[in-house]
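Below: the structure, in structure tokens.
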Amino acid sequence: MRLLVVEDEQKAGEYIQKGLTESGFVVDWANNGPEGLHAATTCHYDLIVLDVMLPGLDGWQIITALRKSVDTPVLFLTARDALDDRIKGLELGADDYLVKPFAFAELLVRIRTLLRRGPIKEVELFHLADLELDVPKRRVTRGGARIDLTAKEFALLHLMSRRVGQVLSRSLIASQVWDMNFDSDTNVVDVAVRRLRAKIDDPFDVKLIHTIRNMGYVLEDRR
Ligand code: CA
């Protein structure tokens, strides 16, 4: 198992790298944001431990860039115990977080738990009820009938398909599909979901996109 640690504090970085190496992992350590992002996008890692406060690019910017193409589990390290920070990390696609200072044993438990869970599954052909997404061909059908989607509609459906059964908040969708930041007006998401529904749900009896009040949207077959 190969892990990437992105941490700018020398002592903390050494401590984490040494501890994880002794625990049997192969560990690469990047000590600034740009190096961390470069490593994360060019090498394959089973998990990334990502500090939030980093020189060059911070942890938020790194995970936002990463989540466009990489589904590697990310464990955030945050020095601040603010609830907003933790929520923001999870919204942007982090899988878990740990507040500094932490006990090494806890870091190890969190890492092992995430590794057992594995990355979000990336499939080329996605099926749900009679909906089919051919990701490489960017083709969507329902009941065998072709459905034309715009690029954004496809990106939205693809995001939902990769997290089928999970409630996706508007801000998460906005950050992943439109690259808008967390605080932007997310009304654009509601409009896009409505348009997507008009194409993939409205003409069919079985609805697959569901609204979760005050939370967001979920793609699932509820029969
Ligand atoms: Ca730091």
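Here, each number is a calculation from the coordinates, and none is a lab measurement. Keep in mind that what you see is a predicted model, and the values were worked out from it rather than measured. All Cβ positions, even for glycine, are placed from backbone atoms using ideal geometry, and neighbour counts span all protein chains on display.
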Inset, instruction - May I ask you to evaluate 6.51 cos²θ - 1.76 cosθ + 1.60, the Karplus curve with θ = phi - 60°, for each residue of segment 147-160 and list the ³J(HN,Hα) values in order in whole Hz, giving x for glycine and proline? - result: 10, 8, 10, 6, 4, 5, 4, 5, 4, 5, 5, 5, 4, 5
Inset, instruction - Would you mind estimating how fast the chain diffuses translationally, via Stokes-Einstein at 4 °C and 1.567 mPa s with the Kirkwood radius over Cα pairs, in µm²/s? - result: 69 µm²/s
Inset, instruction - Give the dimensionless ratio obtained when the Cα radius of gyration of segment 68-158 is divided by 2.2 N^0.38 Å. - result: 1.48
Legend entry - the chain - mean residue ellipticity at 222 nm from DSSP helices (-39,500 (n - 2.57) per run, n ≥ 4, rounded to 500): -11000 deg cm²/dmol
Inset, instruction - List every residue whose amide H lies under 5 Å from the amide H of Tyr97, counting only residues 5 or more places away in sequence or on a different chain, with H placed 1.01 Å from N in the peptide plane. - result: Phe76
Legend entry - Label-to-label distance, nm, for residues given as Arg223 and Ile87 (7 Å Cα→Cβ offset): 3.7 nm
Inset, instruction - Give the calculated FRET efficiency between Glu14 and Leu115 to the nearest 0.05, with a Förster radius of 25 Å applied to their Cβ-Cβ distance. - result: 0.65
Inset, instruction - Any chance you could tell me what percent of the C-alpha pair distances in segment 125-219 go past 22 Å? - result: 21 percent
Legend entry - ³J(HN,Hα), Karplus 6.51/-1.76/1.60, whole Hz, each residue of segment 98-106, x for Gly, Pro: 9, 8, 7, x, 10, 7, 4, 4, 6
Inset, instruction - Step through the table entries Lys88/Lys199; Lys18/Lys100; Lys11/Lys88; Lys100/Lys152, compare each Cα-Cα distance with 29 Å, and write down the pairs that go over it. - result: Lys88/Lys199; Lys100/Lys152
Inset, instruction - In Å³ and rounded to a whole number, note down the convex hull volume per residue for the Cα atoms of segment 2-117. - result: 90 Å³
Legend entry - segment 28-43 - phi-based ³J(HN,Hα) in whole Hz, Karplus 6.51/-1.76/1.60, Gly and Pro as x: 9, 10, 10, 10, 8, x, x, 5, x, 5, 4, 4, 5, 9, 9, 10
